[in-house]
Amino acid sequence: MNAARHIPNALTVLRLLLVPPIAWAILHGEYRVAFWLFFLAGFSDGLDGFLARWFGWQSRLGALLDPIADKSLMIVAFYCISWQGLIPWWLFAAVLARDLVILGGALAYQFVTRALRMEPLLVGKLNTLLQILLVLAVLTHVAYGVLPPPLLRILVLAMLASTLVSGVTYVWVWSRKAVAHHRRSAA
């Protein structure tokens with residue numbers, strides 16, 4: 001068996017393991033440390049997905065762990081930067097609400113159909129990218145002071161828009177899939 005096929009899962013586990021040190025660094029004002037740890041975590045997210053698709057190293061474990069690692073990283077990072085007053089609380093609430101709606105929908109879909117297969121949508125991937133960029137931008141701003149506030153406001157608005165659009169899109173797409181599954185089962 002090719003051991004390299006486990007690299008994407010190892011990167012996902014690394015991302016999960018980075019969540020507590022990132023939270024610690026943000027909450028203790030160690031923003032440069034937080035920046036680099038978060039950068040590594042964000043990079044690992046892109047790299048594990050690329051490797052899994054490019055080399056066909058997808059696995060059921062990876063399909064389950066990857067969204068858990070992504071959501072853990074983003075929710076904790078957004079909570080911590082909002083706790084520190086670096087972003088408004090309502091932005092953290094929007095990120096959390098979207099993820100709770102998606103999780104609730106996935107659980108409902110699984111309960112109704114017994115056939116859930118995690119399939120991230122392109123708009124969801126865009127939202128994750130914008131979340132990563134916003135956290136990196138905020139950390140860059142407080143750690144190095146090189147980003148102008150107008151750029152941060154634009155990123156906040158873009159990320160908020162993608163959060164809302166992706167949340168509605170997930171509800172729409174998965175509701176249609178549930179209805180289609182129900183029709184096939186009833187036929």
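The values are calculated or read from the model by the stated rules, or taken from the named source; none is laboratory data. Model, not experiment: these values are computed from the prediction. Methodologically, a virtual Cβ is constructed for each residue, glycine included, from the backbone with ideal geometry; neighbour enumeration extends over all protein chains shown.
Could you list all residues from the stretch 59-83 that are over 26 Å from HIS6 (Cβ atoms) and not aliphatic (A, V, I, L, M)? Passing the criteria: PHE78, TYR79, CYS80, SER82, TRP83. Set side by side, the residues LEU129, LEU164, LEU136, LEU157 differ, and just one is touching a residue at least 40 places away in the same chain (Cβ under 8 Å), closer than 24 Å to PHE38 by Cβ and either surrounded by fewer than 16 Cβ atoms within 10 Å (Cβ to Cβ) or in contact with a strand residue (DSSP E or B) (Cβ under 6 Å, 6 or more places away or on another chain) (or both), which is LEU164. Taking the criterion of being buried (at least 16 other Cβ atoms within 10 Å of the Cβ) and in contact (Cβ under 8 Å) with a residue 40 or more places away in the chain, the residues of the stretch 17-31 that qualify are LEU18, VAL19, ILE22, ALA23, ILE26, TYR31. In this structure, VAL168 qualifies as of a type in the set (A, V, I, L, M, F, W, C), modelled with pLDDT of 90 or more and in a helix (DSSP H, G or I). Residues in the stretch 117-126 that are touching a helix residue (DSSP H, G or I) at 6+ places or on another chain (Cβ under 6 Å), of a type in the set (A, V, I, L, M) and in a helix (DSSP H, G or I): VAL123, LEU126. Looking only at residues of the stretch 58-73 that are modelled with pLDDT of 85 or more and within 13 Å of LEU11 (Cβ to Cβ), we find that the one that is farthest from the chain's Cα centre (by Cα) is LEU65. When you scan the stretch 84-101, do you find a residue that is of a type in the set (Asp, Glu), under 17 Å from the mean Cα position of the chain (by Cα) and at pLDDT 90 or above, even just one? For the stretch 84-101, residues of a type in the set (Asp, Glu), under 17 Å from the mean Cα position of the chain (by Cα) and at pLDDT 90 or above: present. If you take the residues in the stretch 131-165 that are in a helix (DSSP H, G or I) and of a type in the set (Gly, Ala, Ser), which one is farthest from ARG114 (Cα to Cα)? Per the stated criteria, the residue is ALA143. Residues that are within 30 Å of ALA25 (Cβ to Cβ) and surrounded by fewer than 16 Cβ atoms within 10 Å (Cβ to Cβ) within the stretch 77-122 comprise TRP83, GLY85, PRO88, TRP89, TRP90, ALA93, ALA97, LEU100, VAL101, LEU103, MET118, listed in sequence order.
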